[in-house]
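Down below is the structure, laid out as structure tokens.
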Amino acid sequence: MYSLAFSILFVSFIVLTLIVRFWLASRQIRHVLTHRAAVPAEFAEKIPLAAHQKAADYTIARTKFGLLTLLVDTAVLVGFTLLGGLQWLSIQLFNLTGPGMGYQLALLAGYALISGAIALPFDYYKQFGLEQRFGFNKMSKGLFFADMVKGTLLGAAIGLPLVWVMLTLMEKSGNLWWLYAWLVWSGFQLLMMVLYPTVIAPLFNKFSPLEDQSLKSRIEGLMTRVGFASKGLFVMDGSKRSAHGNAYFSGFGANKRIVFFDTLLSRLQPQEIEAVLAHELGHFKLKHIVKRIVMMFALSLAFLALLGYLKNQLWFYTGLGVDPLVLPGQTNDAMVLLLFMLALPVFTFLFGPLTSISSRKHEFEADAFAAQHTDARDLVSALVKMYEDNASTLTPDPLHSAFYDSHPPASVRIRHLHMAAAS
């Protein structure tokens, strides 16, 4: 009875999610098309009509492509769960490996390989169809597949040992396994923050020290004013993959480093680069990074506690198309991990705007911080250039933007900066 009720609930949320996402996408497409013919008044002197229309066409194309991938992802989800895909995969792998940890790791790896293979044609089209059509793709096909192979090998090298630890804790550490697993997961996340800038990221991109001494002096002056210590200023060769540009800082503790995309440095003036960096440093100085880490840890603890409960509920398995009574072996903790990973986004999608609200608040605060330590007009001019270069629409549907976008719409954000500059 409970399993049937959960199956109905699961399907209901899938259908509700599809309806909401298609409704939001249709609003976005209509809104962008309606405003395609003219540049918004506040940008009319800064962004050409051709660039505005390119951004509109790019946004619409991405939205339509997102709907296609949504339908495929939903079909794959239903196939793996309610139509018995995971049950079939589990039995086939057991027949090859027998019971034990090897079987459970094979189940997780098998799912990852199958879902990756299904996603590959869409990733390929996005890069060499969609992005290339609008002039953003700079990646060769050889680099695309090299990235895919490196990413797969790196994921296996890092993910399989982590999963082995988690599965061992689930099997042998009693009813509080989820608490011990959370401690391991949290430690792993902190370790990745330390290792990513110096070990992982260089596997995919080249990072060179910033050589422009004038710009370097300007940036070091900004860091001194705001009290930020960095391990170095680096330029990343983002142009070998994409024409999109950005700047960020990565690392944790004493391992922080500032990174500029080479595409960004080639487009912005020194004072604009300084303003963009001041915004990024604002996230650090205003504790946004720490707050996000704390929130991530809190949510992961709550979800692992929920998983600890669901692990022993028969209806959770059978409601998602798996019969644990006929699964081979004494335990199949890998299966409950997979089912939880597949089901969770279905039930949490509608809470997305809460994350967007928090993120937008942080963006406004970081903009205000940048306006205090640099000229707000420089950040405005930098943002306008970045909106144009990245083909970001200036006229998103407000509801679609509120649901999905982590940053405020361009007009709202720049209006706030103009107010800061005037004051």
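The values are calculated or read from the model by the stated rules, or taken from the named source; none is laboratory data. Every value quoted in this text rests on a predicted model; they were computed, and no experiment measured them. Reconstructed Cβ throughout: ideal geometry from the backbone, glycine too, with neighbour counts over all protein chains shown.
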What's the number of the only condition in (1) over 27 Å from LEU130 (Cβ atoms); (2) out of contact with any helix residue (DSSP H, G or I) (no Cβ under 8 Å at 6 or more places or on another chain); (3) surrounded by fewer than 19 Cβ atoms within 10 Å (Cβ to Cβ) that GLN87 fails to meet? (3)
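Sort out for me the helices (runs of 4 or more DSSP H) sitting completely within the stretch 262-351 that have 3 or more residues that are farther than 30 Å from ASN390 by Cα and in contact with a Phe, Trp or Tyr (Cβ under 7 Å, 6 or more places away or on another chain). Break it down into steps so the answer makes sense when it comes.
Values: elements: 262-265, 270-285, 288-310, 314-318, 333-348.
In the stretch 262-351, the matching helices (runs of 4 or more DSSP H) lie at 288-310, 333-348.
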Quick one: count up the residues across the stretch 126-135 that are touching a residue at least 60 places away in the same chain (Cβ under 8 Å) and either aromatic (Phe, Trp, Tyr) or surrounded by 15 or more Cβ atoms within 10 Å (Cβ to Cβ) (or both). 4
Exactly one of ASP389, ASP375, ASP367 is touching a Gly at 6+ places or on another chain (Cβ under 7 Å) and among the charged types (D, E, K, R), and that one is ASP389
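Does LEU310 fit the bill of being under 22 Å from LEU169 (Cα atoms) and more than 24 Å from the chain's Cα centre (by Cα)?
Numbers: under 22 Å from LEU169 (Cα atoms): yes; more than 24 Å from the chain's Cα centre (by Cα): yes.
It is true that LEU310 is under 22 Å from LEU169 (Cα atoms) and more than 24 Å from the chain's Cα centre (by Cα).
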Selection from the stretch 404-423 of residues among the basic types (Lys, Arg) and either closer than 23 Å to TRP23 by Cα or surrounded by fewer than 18 Cβ atoms within 10 Å (Cβ to Cβ) (or both) yields ARG415
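Listed residues SER173, SER140; which is surrounded by 13 or more Cβ atoms within 10 Å (Cβ to Cβ) and free of Cβ contacts under 8 Å to residues at least 24 places away in the same chain? I'd like the intermediate steps shown before the answer.
Numbers: SER140 fails: surrounded by 13 or more Cβ atoms within 10 Å (Cβ to Cβ).
The conditions single out SER173.
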Taking first residues from the stretch 309-335 that are crowded, with 20+ Cβ neighbours inside 10 Å and at pLDDT 80 or above and second residues anywhere that are of a type in the set (Ser, Thr, Tyr) and not in a helix (DSSP H, G or I), the pairs with Cβ under 8 Å that are 6 or more apart or on different chains are LEU320/THR81; GLY321/THR81; VAL322/THR81
With respect to LEU86, is the statement that it is closer than 18 Å to ALA343 by Cα, in a helix (DSSP H, G or I), at pLDDT 95 or above and not aromatic (Phe, Trp, Tyr) true? no
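Condition test on LEU77, is it of a type in the set (A, V, I, L, M) and loosely packed, with under 14 Cβ neighbours inside 10 Å?
In short, no.
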List, please: which pairs have Cβ atoms under 8 Å, are six or more places apart or on different chains, and start with a residue in the stretch 399-420 that is under 16 Å from ALA371 (Cβ atoms) and end with one that is modelled with pLDDT under 85 and of a type in the set (D, E, K, R)? ILE414/GLU42; ARG415/GLU42
